[in-house]
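Visitor: What follows is a structure written as structure tokens; I'll ask about it next.
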Amino acid sequence: MSKQLFLIIAIAGSLMGVTGCTVDGYVTSQPADVVYTRPGAPGPDYIWVDGDWIWGGGRYNYHPGYWRRGRPGRVWVGGTWNHGARGYHWNRGHWR
């Protein structure tokens, strides 16, 4: 009996850990645009990666943009806000 209970608890705990990492939230209003001065590029082969909104602690927290070396044959697509029935949701930027 104790082995079965331990197995059930272990499975439930691992499922919570996996699903907890992928949950993003919704907010009732879109946060204001963040305005700051972009620093100069460190070199000619760098591209600007826009700032990103990260879900944590029940809200979105802004992480500023940064310079990164480009990826051959790929482009950076900045994140966007989507508005739906549940509120506003941030779709993170990605390489395409």
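Visitor: How compact and how long is region 25-96, expressed as Rg and Dmax of its alpha-carbon atoms in Å?
Guide: In Å, with Rg to one decimal and Dmax whole: 14.1, 43.
Visitor: Could I ask something else about it? Hey, quick one: spin label on Trp95, modelled 7 Å out along Cα-Cβ, who in region 54-76 has an amide N within reach, i.e. under 20 Å?
Guide: It comes to 64-76, nothing else.
Coordinate-derived values only; no laboratory data. Since we're looking at a predicted model, the values are computed, not measured. Positions of Cβ are generated from backbone atoms using ideal geometry, with glycine treated the same way; all protein chains shown enter the neighbour counts.
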